[in-house]
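No lab work stands behind these numbers, since they all come straight from the coordinates. Note that the structure is a prediction, hence the values are computed from the model and not measured. In this analysis, Cβ positions are derived from the backbone assuming ideal geometry, glycine residues included, and neighbour counts consider all displayed protein chains.
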Amino acid sequence: MINKKNKTIIIKGFVLFLLIPIIISTCSLKGDIDDLKDQSENENNAQKPGDNENPINNIEEGKQRLYKGDDFIGNYSLISALSYISNNAINEDEFTIVIYEDEVITNITLNYKKKIGITLKGYGEERKISYYGDSPMFYIYSGITLKLENLILTGRSRSNLGLISTYESGILIMNSNVKVIGDMSLGSGVSIRENSSDSGGIFIMNDGLISGFPIGVRVGNNGTFNMHNGTISMNTSNGVGNNGTFNMYNGTISMNTGRGVGNSGTFIMHNGTITDNTGVYGGGVLNNRSFIMHNGTITDNTGVYGGGVCNSGTFSIHNGTISENSAEFGGGVYNERSFSMYSGIISKNTAVTGGGVYNISFSSDFDLINGTISGNTATCTGGVFVDGKFTMRGGIISGNTSNGVRVSLLSVSQNMHFIKSNTESNNSGIIYGSEAEGYDANGIPYKNDIAVFSFKNPNLDWDDVYRKETVGETDRISTKTGYGLSFDGEPPYLNTW
């Protein structure tokens, strides 16, 4: 007989026996849910754009990763990721595609009719995107801002467009560790397309390298190129070919074999360096329209007409240095049109004729308001060779070999003016003679071999032209408004000759 107490124990044991699988299953399910939750949290933490941690193990290795803001969308090829953006983006969206492996692509047109930001960012080491075709790798239209980071973009466009091209008001931004590399054949690295409307494409270069193209950066009409840093180097025609607006805030343009900058638009140099470029017309810069130099350095360039700058437009220097360039004519500057020097230094340039400045032809006009032309060397005229109009309102011409200023009569309109500046100074500048003593702050002697030599009166001895006879006294130009130099440094003075 089973008593009541034993019966109760048996029933409870049986019920517990039935419940054990359910309890085990429930515990297992809870564990799975917890694991999934932990995995999801870990995945979200691991997948922030730009993280340097290794990717989580459950993704397919080698796929690019697409994010909308900080939200992970999925793993795609680059083409597929951009297709997703095209089909799903709404206005003002920001996307990031993290590139985990090198990829060869077909050409991509970014034209979504919306305002969209897209960042392509290499993961870990620099990742390479390659393209060889008949049109640009990336074609960026209005509303699209494409940012590049930690990538190598390589290949060529068979057309005259760039490997990367912007059109209308499309924007390209190059950030750190980006290289745009060509094969020295067709096209340009970056092309900012011409546009008939008032707004053109924009290229902002914050860092990186553009190399190996006929033209590193081509700027079309209404386009804008803002160079804040980086290097444009070893291109075969122009480092920069500008027909729009080029603002150079910093960076380096170097070792281009056509010239550093070919400008037929507006070029404003705020800072930076243009160096080691070569060209026939302007090793550093060929200016056909408007070039304003606020600061920076143009140095070690080589040309035939203008080692540093060949100017056939409007060129003004407000500060900065043009130094150690070389050419046959105009080691520092070869001027065919309008050149104004408000401040700055033209120094240590060399040429056959016109070591510092060659002011050539009846249409050339060189206005020296202030600044220093010193330490330049030429077989004929180390400082300023004048065959046009030269007006000196201030500044210093010193330490040049041979001649500070040489005046020819090759042009019927050739003339010189020396005008008192509107300052407390009582002279319109200084051209040091052969008797001058001392050195400037850069260690260059003040004296020119000859202050001014002119073909106007070839019977005069070179050492007597425009130099006072007192030993050690420098050639100070006019102390009275409107006066110029005389043949012997004493009255009567000449305004134009």
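On average over all directions, what projected area in square nanometres does the range 210-329 have, based on the convex hull of its Cα atoms?
The Cα convex hull of the range 210-329, projected and averaged over all directions, gives 5.7 nm².
Quick check of the Kirkwood formula: for the range 289-407, what is the inverse mean of 1/r over all pairs of different Cα atoms, in Å?
Mean inverse Cα-Cα distance, inverted, gives 12.9 Å.
Using a simple spin-label model with points 7 Å from Cα along the Cα→Cβ vector, what separation in nm is obtained for Glu92 and Lys113?
In this crude spin-label approximation the distance works out to 2.1 nm.
Mind sorting Lys128, Lys113 by how few other Cβ atoms lie within 10 Å of their own Cβ, fewest first?
Details: Lys128 18, Lys113 11.
Listing Lys128, Lys113 from fewest to most nearby Cβ atoms yields Lys113, Lys128.
When a/c reaches 1.5 or more, the comparison of a/b and b/c decides; with that in mind, is the range 122-266 rounded, prolate or oblate per its Cα gyration tensor? Can you show the working numbers first?
On the way: a/c = 1.26, a/b = 1.14, b/c = 1.11.
Rounded.
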